[in-house]
Structure formats: C-alpha cells, structure tokens
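Peer 1: Quick one: this structure, given as structure tokens, is what I'll be asking you about.
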Amino acid sequence: MAKSESWFVEELERRGVSRRDFLGFCGVMASIMAMPREAGARIARALQTEEKPSLIWLEFQDCAGNTETFLRAARPTTADIVLDILSVDYHETIMAAAGHRAEEARAGVVEGKRGEYIAVVEGSIPTGANGAYCTIGGRSALQIAQEVCGDAAATLAIGTCAAFGGLPAAAPNPTGALSVGDAVPGLRNLINLSACPANAENVAAVVVYYMTFGRWPPVDRYRRPLFAYGKPIHDNCERRAHYDAGQYVENWGDEGHRRGYCLYKMGCKGPVTFQNCPKIGWNEGTSWPVGCGHPCIGCAEPDFWDKMTPFYAHLSGVPGFGVHATADKVGLWATAGVAAAYAIGGFVQYGRRLKTEAATARAEAAAARAEATTTEAEGAADQEKGGQS
Amino acid sequence: MTRVVIDPITRIEGHLRIETEVDGGVVRDAWSSSTMFRGIETILKGRDPRDAWAFTQRICGVCTTVHAITSIRAVENAIGARPPANARLLRNLIMASQMVQDHVVHFYHLHALDWVDIVSALSADPAATARLAQSISDWPLSSATYFAGVRERVQQFVDRGQLGPFANAYWGHSAYRLPPEANLLAVAHYLEALDWQRDFIRIHAVLGGKNPHLQSFLVGGMATPLDADKQGSLNMTSISMMRKLIREGRAFVEKVYIPDLLAVASFYKDWAGYGAGVGNYLAYGEYPEGDDSNAPLFLPRGVIRSRDLSNVEPMDPAKITEFVTHSWYEYEAGDSEGLHPAAGETRPNYTGPEPPYELLNTDEKYSWLKSPRYDGLSMEVGPLSRMLVAYGSGHSRVQELVNYALGQLGVGPEALFSTLGRVAARGIETLVLAEKMEDWLDELADNMGRGQLDIHDNSMWDPANWPAECSGAGFHEAPRGALGHWVHIVDGEIANYQCVVPSTWNAGPRDAAGQRGPYEEALVGTPVADAEQPIEILRTVHSFDPCMACGVH
Amino acid sequence: MSTVAPPAPAVKPKLVRVYVWDLPVRLTHWLLAISITVLAITGFYIGHPFLVAPDPAGQEFVMATVLAVHFFAAIVFSLSEIARIVWMFVGNRYARWQQLIPTSKSRWRQTWEWLKFYIFFRAETPRFVGHNPLAGLTYVLVYVTLIVMALTGYAMFAVSAGAGSPMRIFAGLLPLFGGVQTARWIHHVCMWLIVLFIIHHISCALLVARAAKNAAIESMFSGYRFVSPEDLAAEEAGSER
Ligand code: HEM
Ligand code: HEM
Ligand code: NFV
Ligand code: SF4
Ligand code: SF4
Ligand code: F3S
Ligand SMILES: [Mg+2]
C-alpha cells in the first residue's frame, strides 16, 4: 500500500489538493451514490491502485454527446480519469493514433486483457444492410461490439442510444438500430447509463463505484444504477410546490414562467422520467433543463423519441389520427360523436315508436270494441309509468 | 502507387475513412468516405415540427445546438413565427459560446497532436519553457515550477507504462518540428484547456439547462424567462455569472490560444503551401444584429470563387444542390441529378462491399456523405470561408486580426489558402467572437433593466394557426461552416426534412461531373514522408475539423 | 326460427314483477357509478389542470387535493369492483358471471338480436330478464377496462410511493404496460372508453326503459323489474324465450 499511496498523495499535493480535500471528494462521490460516509475511505483506497484498468470506448451510431459529457467530468476531472484512474486505451475522439494503428491498440487490449478490461459503448448498433450502416476499419459495428463487449469484464452502455436504441432506433428505425443489450445478448455485467447524453456526474460516479467495489451498483429493471435513476424527476423537482398548488406556466414567457411555475401544462415529462437531474444538476450543478425553464423531454427513458413526443403535449397521439391528435383530443371528439349519434338515434327511434303506438292504439281500440279485457292492475300501472318516463 | 488507407481517422467526431494514392512521397489522389448512417431526416417525417430541433440537435453532440437553432429557424421561416429581440440575443450568446468552445477544443484536443510531440516534451527544460511562455504571453501560469510540475506529471504517467490514448501514435516522426520546450508548453495548455472548456461551457448550462444538448429552444423564441429580480428566471445572478465566464474565456483565448497558435505556426510555415483545396468559399453569415429577415449579420454572408477575395458574391440559396452519384443513396430521377434540398430525398441504397472489407470501390458509390454543390461547384465552408468572406467584405476587426497574424508569421495573404490558413482562421474567428460576446450580454441585461422581457412569439405556437401547407429554410454558421435545414410542413406535420451540413460540403465525395470534394482536393499534393505513418494526411484532414455525425446524419 | 323477430303483440302482455338486482349488486353499482364519475372528473383535471391557484405556492394545494380525491375515489372504486366480482360467484342468478359471458348457443343468438336493436335495425326489444345478453357481453369489456384502469392507476401511483410502501409492488406492472408514459396513455384511453360506455349505458337505459316498459331504471334502485311470464319461464328453463 505504502508505495502506491505515496505517489498518489504526492501527485495530489503537487496539484494543490490536500489529502483532506481528496477524502472530501470521495465523500461527495459516496453521497452521490447514496452510500454510507465510511465508503469514502474505501473509494480513496481503490483510486490509488497502481495498475489502471483498461478501458475501450466504442462509438457506433452516436453523436459523440456522451464523449463531450466525459470531457465535462469535474469530480474527478477528465484529466484525472485519463491520466491517473483508467487507462483509456481506445477512444476514437481523443486518441492520438489513427487508422490501423488505432485498431491494433484495441486488438491488443482485447487479446492481452481478456475478461479484465471495461468496454464503454456510445451509440446504437445497426443491423440493417448487413452492418454497412456503421463500419470502422472496414468491420461492422456489430462485429466489433461482439468481439469487444463479449470479452469485457463489464460493459457500460452510455447514453440512451447505446442503452435503449435512442434516436437511430426512433420510428421508423431506418437502419435496424439496436441497443447494446439487444445487439449482443447475454453480456455479463451490462450497465445502462441512459440520458441524452448521460450526465458527467453519473458517469464519474459509476466509474468510481466500479473501481471501488469491483462490481456495478444495484440497478433498476432497465439495468440503470438506482443511485441515479431511482426516482422520478418530478419527485425532486424544485417546481413541485407549484405543481401541487396548481400553478402552471400557461404561455412561454408569461408571469408564471418568470416566477418558476410548474411546466406540466407545457408537456413536462418529469413525472414519468427517472433521473437525478434536479438533485445534482448539470455542468457542475449549474442548472438543469427544467431549472432553466423548458420541460423535461424524458431523455433517460426507453423509446422516449416515440413515447414522449410530441414533446409539448401531455400525451402522445393515437395511431392513425395524426401527430397533434392526442389521446384526449381523440377521446373528446369520440365522446361528442357518440353522444350525438345517440341523440339522433333516440329521435329516430322515438318517431318510429310514435307510429307503432298509433297503430297499436288503433288495433287496441278495435279489439276493445270487440271484447272487454282485464289487465293486471299492477302491471298496467307500471307500464303506464314506464311509458311516461 | 500505394493505396494508403486511414480508417478510422481519429481525433474527429465520427466515422471517417480516407483512401489515397501515394506516389513519390506525395498524395496523387484521394477519396473521402463516411461510414455511418442513421437516417434522422427520415425519422423526422410525420412528426411535430416544434419537436424537430431536439431531434436534429442530436445529429451532433460536439457542435451541439447548431442543428437545433437551424431547425428552429427553418420552422419559424415556414410558419411565419417572429422571435423577439431577447431570443435573438440569447441565441447569439449560445451560438458564439459554442463556436469559441468548439474551436479551442479542436485546436488543443483534436488537432494539436498532429503538430505537438508529447514524448519530446519530456526532455524540455522547464526554465526555458517558462522563458518561452513569458515571451509570448503574460498568462500567469508560466513559472518554471509550473512547467516542471507538468513535465513530472507526464513523466509519471509515462513511467506507469500505460500510455492509454497516447499509445501507438507517430511520436518521433520527422514531421514533428517543435523544440521540446514548445512541446511542453503545448502539453501544459492541452491540460489547461481541458479544464477551461468545462468551465466556459457553463454559459450553456445557464442559458440551456445543460451541455451538451441544450434544452431551452422553442419555435418562436426561447424557453428561458427573463426577469432581473426573480429566482425562477434568468436574473442578475445569471448575467453576472455569464459575464465572469465570458471574460475568463476571452482571457484564455487572448493569452493562451492565440499566442500558442502563432508560436506553433511559426515552426510550420511550409504548411501554408499545402492543403489549399477547391479554392471556392461559401458562408451563410451569422449573428443577426436585428430582428427582421434582412437584418445585418455580424459575420457577413457571401461566396468567393477561385480565391478571388476582391469579389465577394451575394449568396443565392436557389443555387444549392446535392448529388448522390458516388453516395450510397438513390434518387427517384436518377443518380446523376442534383436535387435542391427543398425537394431533397434520402433513400439509402448500399452498394459497397459487405463488411469486413479491405477497400472500397471508389469508382462507384463510396460514401454515406452526399455531395453538395453551389452553382455546380465544390465549396469549402468553415472558419476560413467565413474569415475570407468577412475580409473580402471589409469587416474591420477581421481584417485587422488577419493582417496581424500574417505579419507575425511574415507571410502574404496567399498563405490563407492552405492547411495552415484554416488553422489560423479558426483562431482569429475565436478571438473575434470572444470579444463580441459581452456586447450581446450587455444588450440583454439592458433589455431586462428596461423591463423588456419578451422571449417568445406566442401567436404561432398553436399549429391551428399555421398554413395548411408551408415550407421554410434555416441557415446558420456552425463551427465547421455553413449549415442549412429545409422543412416542408403539411397539416402541421413534417412532410420532408433535409439537412445540408458543413462536413457534407467539405468531406463529400465526387459529384456527377467527377469533381472532387474539398477534403479530396486539399489532399492532392500533400507530402507523405512515410506511408506507414501518414501524419501529413491527418494534418490536412484535421484542419477542416471533420464531423461525420453531422456530415451524414 | 326466423331471424326477424315477430311484430309486437297487439295485446298488452301481462307482466310479472321479479327481484333481479340484489342489494350488493345495487350497492356496488352506485358506488362504482359515483366513484367513476369522481375519478373521471379529477382524472381529467390531473391531465389538464384548468384551475390555476394564485401565488404564493405552499398555501394552495389545488392539484394535491384533486390527486388525493382521485386516490380516495380510486380506493372506493377498487373495493366496489372487487366486491362486485366476488358477488359474481355468490349472488343470485342475475348477478352471476354467466350473465356476462354467453355460455349457451341461444344466448349468443339473443346477443345478435340485441345488436340489431341497438343499431336501430329492429324496433322491438328482444326479451330478457336479468342482463340483456349483448349488454352482458359489453360488461365483460367494461370490467376488463376497469381492471386495466386500476392497474395502470396503481402502477403510476407506485412510482412515487415511499420506499417502504406496499404499493410499490404495482411498479412491477410498468414493463407490462411499456413504461410510465405508456401507462398514462393507456389510463387516458381507457378513461375515454369508460366515458363512451357511460354515454351508451345511460342512453340505453333510457331507450330500453321506454321500449320495453319494464322499469329498467327504477330496477337499479328497487331491485325489481317487470318481465313477461313467458320470458321468465324461458329464462328459468334455461332456453330462449
Ligand atoms: C340511469 C341509471 C342507470 C341504470 C338504470 C343502470 C343500470 C345498470 C345495470 C342494470 C347494470 C348491470 C348490473 C350488474 O349486473 O352488475 C349496470 C352496470 C353498470 N353500470 Fe349502470 N346504470 C345506471 C347508471 C350508471 C351510471 C351513471 C354509471 C357510471 C357513471 C354506471 C356504471 C355502471 C357500470 C360501471 C356497470 C358495470 C359494473 C357492474 O355490473 O356492476 N351506471 N348498470
Ligand atoms: C383504481 C383506480 C385508479 C387509480 C389507482 C388511479 C390512479 C391515478 C394516478 C396515480 C394518476 C396520476 C398519474 C400521473 O401522475 O400522471 C391518475 C391520473 C389519472 N386518472 Fe386515475 N386512477 C384510477 C382510476 C381512474 C379511473 C377509473 C379514471 C377515469 C375514469 C381515471 C382517470 C385518470 C386520469 C384522466 C388521470 C390523468 C393522468 C395524467 O394525465 O397523468 N383514473 N390516476
Ligand atoms: N459539420 C458539422 Fe457540425 C459543426 N460545426 C454542424 O452543422 O459538427 Ni458536429
Ligand atoms: S444518447 Fe443522445 S447524446 Fe448520446 S449518442 Fe445518442 S443522441 Fe448522442
Ligand atoms: S416542472 Fe415537471 S418535474 Fe417539475 S413539478 Fe412540474 S411536472 Fe413535475
Ligand atoms: S430531459 Fe433529460 S436531462 Fe433530465 S430533466 Fe429530463 S431527464
Ligand atoms: Mg442531408
């Protein structure tokens, strides 16, 4: 321990970070991950191990938004992660090597550290056109994912595209895009860090968690860490008091909007979206989407491009009725239509009945003249009553 | 002839493959291919046009926001929404901070390692590095102790034996020409810039809730309410926070980026002779200074043909077409036609080799990029085009800075048409914008002070108020160049959507007439000392700042 | 037998008074009717809050109150629903599940006759004692819709239930519905189906009451309705009229 700790502590001190600050940082990490305070000490120990775990970062049908997120990491910083914590042996956007030498670096890790490295995948994996919708070095995304993720100690699907298919898989999914979990079934230790992109704080927290405990944190039914995706946005939202009060933004820029009222009526998907945005914020806690005045669009949820749209409506449309025909609009029209149909039908029926009754009355009159009848008193009375109601 | 293939081109966004013919140490011909397609234009069909910005923003997470703003503009143009002045100011601030941040990240984290040898930095003398640093700038982090610390940190990193992202590169290549001290200076600033960009982009978090992929855009305006006195709005705290971030950002550009750029360039002046490319430049112009459709633009629009700076033509969007002759798509009217984006089509039709493959058939279709043309010509877009159009149109600050840079390097204006020119133009543009941002912030604060708080044109929010059928176009200058979106709306739904993107202009393949795209043209004539380590090819390609997720979408 | 019913007898039939809706049926019916009305109104408000409270927040709880009412009504609704389903196996012959799901050929045929009546194809009401068989069949759909309503409702409720709350088990239903937003969508669509049912239900109650002159509406209060002795005999014999 002594040796490995000393370089680390020296390193920290040289960079103006005292041992206390560092332990403080570990405590913050622990609290993001909702772990007991003592866990901080364990994290600190784990971050000082000398052999850095290898990491292969694959980009497929992505926009590099999650790579940019990675560049925004502050606790620990990107430089700390790249230089001290992990060995980022393959990451197309930042690596110095290019072409076949880059591919060799990746192959070296896959062959040399089988079962030991971490795979990170950003972007979905297309299955259409025999893989030609995404190739790197002439090989398809699927071939690469099978090879790299198949032998990884763990796979981190970062961003909604990798975790759930995301934008490329939105209807009509032109390229047959799949999430990592669906494209390479049966992966051991798959963890999904959804959101579009994933939040840097959560990325860092997962990395630190893994480094500390050698396993992924507990996950929800979509394999997302509970510490980050355990509660709906709505439950931690700073506008929640306005929601409960019944105070809503009605028009963009209105008085309610300026006062920070709830964005529910503008289509906010906070009640149906799970992530810790309101708790930890974005970009070092500077703000978050709802905080700045725009509704949550549900970016951490599976299929949000189809299920949460139109973004400014409370509900999606009813298939076949057009994009602006939300379930409630169609429902209202259907109700009005059926009510009208019954009203009209009722009149028609009433008319027919009048005719029949007239005929019956004539027949009865004729019969009455011919023969006198007795009717059961009770029945007649009620019949009368029914006829009048 | 040797086929030199680089796939993947790294330190860019996305999936770019360059194939070249190298003969006698020089690139004789080149083919640019992007190898990833998602079909976002198709995915947009049938959707609510007010949602389109969120979809298109995800075309790229590096130049995040640019497709959002362009989409918003296209839809506003179609339905006739008129965003108020505050929305324009907020958007200008968002666009400019995106530009500044993206350019700095490109210079230090994507491009620098083509010119800077990290391994050589290890043998630098910290004291000499400090002298060098102090001679070019008064940036405070410039002591010998500071550089000794950086060197040691890198040394320790190397000593641990795991080079990570710096492994397998072309270190020690003869094309690296900086002295160890300059290399160490650059490495120190590589690390500083990593922290800088994270701080600076918090402007986006203030204005958009988060970065990447801001979430404050609206068709018709912006979603960030303004009120100097309210906690639920952008208020005085937000203004002062942004002012601080803008000033710190600008200081870094002035005192670190520009001096580094000039220092590095002075060792690579021969690169003013390579990588010129097609010599035609297109800029849509950006940063409206007023609210009607022909309001003046801070950076002008225009077209320059055959490097003729004395004649900046007006830009006519009707002259834009896209070809798919060498792209993996088909057009209904046949693949030799060029289509105007308002009537554009995106029908994938892969005809290339089945993966895994070794080589593409470059005589046939060979890329997912289309080939945009202006008046039938290949056009370069990007910082160089913008600076040339501004220079040619008499933009005084741009002229001043371009002349200053040329003077510092002791080269003439013809040096601009080159790989080095592209790198320099990007730096100059960054400074021009970093200087300008505070003006927009002042204007915004001023409006807030006067109680002018409008952020949105509510009249066109409800689709019931839209014409039954309408179409529109949106234009923007993204970091990598001229960006346009075209939208056709029928009954409140998107009927057709087309994006013609900077990296499509620059990286696109040949057209029906066999004309090369700008990357391809720029590579012809590039020297390659060692075909096994084609660092020179990377330099020219990187000078365009490729973004393939944008280019193909 | 001819497919077209014979014209109405020219003579007023003798009718007998029969006790069809026993107390639990009537009780659960009206509890359901009330709770569903409250749920639909509060539910619509939850989806489209049209009342806006004045500032400041923290002193007004409009949405919170509506939500609370919705949940209490949901409890009344669920308990009545369960009670009614239990009664399907315990209650009198007219309360039984066989009234809903046609088990005999003749009941299927009757269903067809009723369909013709409802689409105004046939002027006279076919005869029945307990449930009109077509209505019985639609009640199956109604029951399914109500159950889906409860399940989606509880699943949404579970999302924000406290960590120790037993309600959390309902969150397990969410993947079945395809996530919370889809559950919400289903909850709304089912609400409209129920609204449509109620329009149909009340219209038909009026229609049938007039046409059959059998005190159909009063029967839901008193339990008694009037039927012809032939119908009663046929029903008791287990065959058609
Ligand atoms: C006009 C007065 C009404 C009459 C005469 C009436 C009559 C009936 C009858 C005879 C049944 C079958 C009972 C059974 O087998 O359980 C029934 C079921 C039902 N009614 Fe009504 N109803 C009336 C109003 C309403 C209203 C206002 C609602 C709701 C808002 C409603 C909701 C229901 C439901 C949900 C069922 C099916 C559940 C069940 O069978 O208990 N009814 N109604
Ligand atoms: C056991 C029965 C029910 C339960 C437990 C239940 C529960 C809930 C819950 C928890 C919500 C809140 C949803 C959200 O946060 O978005 C909700 C909303 C709603 N409920 Fe129910 N509900 C039940 C029955 C009904 C019924 C019978 C109706 C209508 C006939 C109804 C109509 C609605 C509507 C329209 C909403 C608004 C949902 C939204 O816009 O989010 N509910 N219900
Ligand atoms: N090419 C490109 Fe972009 C930019 N700048 C956008 O339009 O990079 Ni991602
Ligand atoms: S999840 Fe979003 S940010 Fe990440 S790659 Fe996909 S589109 Fe980009
Ligand atoms: S703004 Fe959205 S998340 Fe916040 S309270 Fe309102 S509905 Fe919930
Ligand atoms: S849109 Fe995404 S970033 Fe958070 S607030 Fe909503 S989950
Ligand atoms: Mg396009």
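The values are calculated or read from the model by the stated rules, or taken from the named source; none is laboratory data. All values reported here derive from a predicted model rather than from experimental measurement. A quick note on method: Cβ atoms are made from the backbone with ideal geometry, for glycine too, and the neighbour counts reach across all protein chains shown. Quick note on the areas: whole protein, heavy atoms, side chains included, nothing else; ligands and nucleic acids left out. Shrake-Rupley method; radii C 1.70, N 1.55, O 1.52, S 1.80 Å.
Peer 1: Which FRET efficiency value, to the nearest 0.05, is calculated for residue B:357 and residue B:195 with the Förster distance at 45 angstrom and r the Cβ-Cβ distance? Please list the in-between numbers first.
Peer 2: Working: r = 41 Å, r/R0 = 0.92.
Computed FRET efficiency for residue B:357 and residue B:195: 0.60.
Peer 1: Residue A:220 accessible area, nearest 10 Å², 1.4 Å probe?
Peer 2: Rounded to the nearest 10, the figure is 30 Å².
Peer 1: Taking the C-alpha atoms of region A:191-277, how large are the radius of gyration and the largest Cα-Cα span, Dmax, in Å?
Peer 2: 16.2, 51
Peer 1: Can you tell me the FRET efficiency between residue B:439 and residue B:230 if r is taken as the Cβ-Cβ distance and R0 is 25 Å, rounded to the nearest 0.05?
Peer 2: Efficiency at R0 = 25 Å is approximately 0.50.
Peer 1: Something else now. Please compute the Cα-Cα pair-distance distribution of region B:190-265 with 10 Å bins starting at 0, giving whole percents from short to long.
Peer 2: Histogramming region B:190-265 at 10 Å steps yields 17, 38, 28, 14, 3 percent.
Peer 1: With a point put 7 Å past each Cα toward its Cβ, work out how far residue B:343 is from residue C:34 in nm, to one decimal.
Peer 2: Each label point is offset 7 Å from its Cα along the Cβ direction, giving 6.8 nm.
Peer 1: Determine by what factor the alpha-carbon radius of gyration of region B:234-285 differs from 2.2 N^0.38 Å, reporting the quotient.
Peer 2: The value comes to 1.84.
Peer 1: Run the quick spin-label model on residue A:347 and residue A:251: label points 7 Å from Cα toward the beta carbon, then report their separation in nm to one decimal.
Peer 2: A separation of 3.9 nm, rounded to one decimal place.
Peer 1: For a bin width of 10 Å, list the pair-distance distribution of region B:303-393 built from all Cα-Cα distances, rounded to whole %.
Peer 2: Computed distribution, short to long bins: 15, 37, 27, 18, 4.
Peer 1: Can you sort B:151, A:188, C:210 by 1.4 Å-probe accessible area, starting with the largest? It would help to have the intermediate numbers written out before the result.
Peer 2: Numbers: B:151 80, A:188 125, C:210 55 Å².
Putting B:151, A:188, C:210 in descending order of accessible area: A:188, B:151, C:210.
Peer 1: Let me ask you something else. How much mean residue ellipticity at 222 nm does chain B get from its helices, if each DSSP H run of length 4 or more adds -39500 (n - 2.57) and you divide by all residues, to the nearest 500 deg cm²/dmol?
Peer 2: Taken over chain B, the calculation gives -12000 deg cm²/dmol.
Peer 1: What lysines does residue A:355 reach when the alpha-carbon gap must be under 19 Å and sequence neighbours fewer than 8 apart in one chain are set aside?
Peer 2: Candidates past the 8-residue exclusion: C:12, C:213.
Peer 1: Name the residues of region A:242-261 whose accessible area, probed at 1.4 Å, falls by at least 30 Å² once all protein chains are in place instead of their chain on its own?
Peer 2: Listed in order, they are A:243, A:244, A:245, A:246, A:247, A:248, A:252, A:257, A:258, A:259.
Peer 1: Over every pair of different alpha-carbon atoms in the protein assembly as shown, take the mean of 1/r and invert it; report that Kirkwood radius in Å.
Peer 2: Every distinct Cα pair counted, the radius reaches 33.2 Å.
Peer 1: Two decimals, Cα atoms only, Kirkwood Rh: what is Rg/Rh over region B:340-482?
Peer 2: Radius of gyration over Kirkwood radius for region B:340-482 works out to 1.10.
Peer 1: Further question: If you take every DSSP beta bridge whose two residues both sit in chain B, what share of them, in percent to the nearest 5, is antiparallel?
Peer 2: Working: 48 of 52 bridges.
Rounded to the nearest five, the antiparallel share is 90 percent.
Peer 1: How large is log10 of I(q)/I(0) for region A:258-365 at q = 0.18 Å⁻¹ when the intensity is taken from the Debye formula with one equal scatterer per alpha-carbon?
Peer 2: -0.94
Peer 1: Enter the buried accessible area of the B/A pair, total of both sides, probe 1.4 Å, in Å² rounded to the nearest 100.
Peer 2: 8300 Å²
Peer 1: Per residue of C:156-162, what is the mean number of Cβ atoms on other protein chains within 10 angstrom of that residue's Cβ?
Peer 2: 2
Peer 1: Excluding ligands and nucleic acids, what accessible area in Å² is computed for residue B:448 using a 1.4 Å probe, to the nearest 10?
Peer 2: Residue B:448 exposes around 10 Å² with every protein chain in place.
Peer 1: Restricting to the protein assembly as shown, what percent of DSSP beta bridges are antiparallel, rounded to 5?
Peer 2: The antiparallel fraction comes to roughly 75 percent.
Peer 1: Taking beta carbons within 10 Å but only from partner chains, what does the mean come to for residues A:51-58?
Peer 2: What the average comes to for A:51-58 is 2.
Peer 1: Follow-up question, since we're still on this one. Less than 13 Å apart at the alpha-carbon level, and either on another chain or at least 8 residues along: which aspartates and glutamates does that give for residue A:279?
Peer 2: Within the straight-line cut-off, residue A:279 pairs with A:201, A:235, A:238.
Peer 1: Rounded to the nearest 0.05, what FRET efficiency is calculated for residue C:59 and residue C:198 with R0 set to 41 Å and r the Cβ-Cβ distance? Walk me through the intermediate numbers first.
Peer 2: Details: r = 36 Å, r/R0 = 0.88.
Calculated value: 0.70.
Peer 1: Over all alpha-carbon pairs in chain B, figure out the percentage whose distance exceeds 42 Å.
Peer 2: Result: 19 percent of Cα pairs exceed 42 Å.
Peer 1: At 0.36 nm per residue, and after removing the present C-alpha to C-alpha distance, how many nm does the segment from residue B:414 to residue B:319 gain when stretched out fully?
Peer 2: 31.4 nm
Peer 1: Which is farthest toward the positive dipole end of chain C among C:159, C:169, C:133, measuring Cα position about the Cα centre, with Cβ charges +1 (Lys, Arg) and -1 (Asp, Glu)?
Peer 2: Value computed over the given set: C:133.
Peer 1: Can you give the accessible area of residue B:200 in Å² (nearest 10), computed on protein heavy atoms with a 1.4 Å probe?
Peer 2: About 10 Å², ignoring ligands and nucleic acids.
Peer 1: Roll a 1.4 angstrom probe over the protein heavy atoms and tell me the percent of accessible area of region A:233-315 that is carbon or sulfur.
Peer 2: C and S fraction of accessible area: 44 percent.
Peer 1: Just need log10 I(q)/I(0) for region B:431-487 at q = 0.18, 0.23 Å⁻¹, Debye formula, equal scatterers on the alpha-carbon atoms, no solvent, rounded to two decimals.
Peer 2: Listed by q, the Debye log ratios stand at -0.97, -0.97.
Peer 1: Still on this structure: Taking the Cα centre of the protein assembly as shown as origin, work out the dipole magnitude from +1 charges on Lys and Arg Cβ and -1 charges on Asp and Glu Cβ, in debye rounded to 20.
Peer 2: Here the protein assembly as shown has a charge dipole of around 4220 debye.
Peer 1: What is the spread of the Cα atoms of region A:233-315 along each of their three principal axes, largest first, in whole Å?
Peer 2: Its Cα atoms span 34, 31, 21 Å along the three principal axes.
Peer 1: Right, something else. For region B:249-276, list residues with backbone N below 16 Å from a point placed 7 Å from the Cα of residue B:141 toward its Cβ?
Peer 2: Of the residues in region B:249-276, B:249-261 have backbone N under 16 Å from the label point off residue B:141.
Peer 1: Something else now. May I ask for the percentage of alpha-carbon pairs in chain C that lie more than 26 Å from each other?
Peer 2: The share of Cα pairs beyond 26 Å in chain C comes to 48 percent.
Peer 1: Output the relative contact order of chain B, whole-number percent, from Cα pairs under 8 angstrom with separation of 6+ residues.
Peer 2: 26 percent
Peer 1: Please give, to one decimal in nm, the separation of the simple spin-label points placed at residue B:122 and residue C:69, each 7 Å out from Cα toward the Cβ.
Peer 2: 7.5 nm
Peer 1: Using each residue's phi in region B:30-44, evaluate 6.51 cos²θ - 1.76 cosθ + 1.60 at θ = phi - 60° and report the 3J(HN,Hα) Karplus result to the nearest Hz, with x for Gly and Pro.
Peer 2: The phi angles translate into 8, 9, 10, 9, 10, 10, 9, 10, 10, x, 5, 4, 6, 4, 6 Hz.
Peer 1: For region B:79-237, what does the relative contact order come out to in percent, with C-alpha contacts under 8 Å and a separation of six or more? Intermediate values should be presented prior to the final figure.
Peer 2: Details: 153 pairs, mean separation 50.3, N = 159.
Across region B:79-237, relative contact order equals 32 percent.
Peer 1: Under the √(5λ) rule applied to the eigenvalues of the Cα gyration tensor, what semi-axes describe the equivalent ellipsoid of region B:57-207? Give them in Å, descending.
Peer 2: Working through the eigenvalues yields semi-axes of 40, 18, 13 Å.
Peer 1: Cβ under 14 Å from residue B:361's Cβ, residue B:361 left aside: what net charge do those residues give with Lys, Arg +1 and Asp, Glu -1?
Peer 2: Neighbour charge sum, excluding residue B:361 itself: -1.
Peer 1: Hey, what angle do you get for helix C:105-118 against the long axis of chain C, alpha-carbon based, 0 to 90 degrees rounded to 10?
Peer 2: 80 degrees
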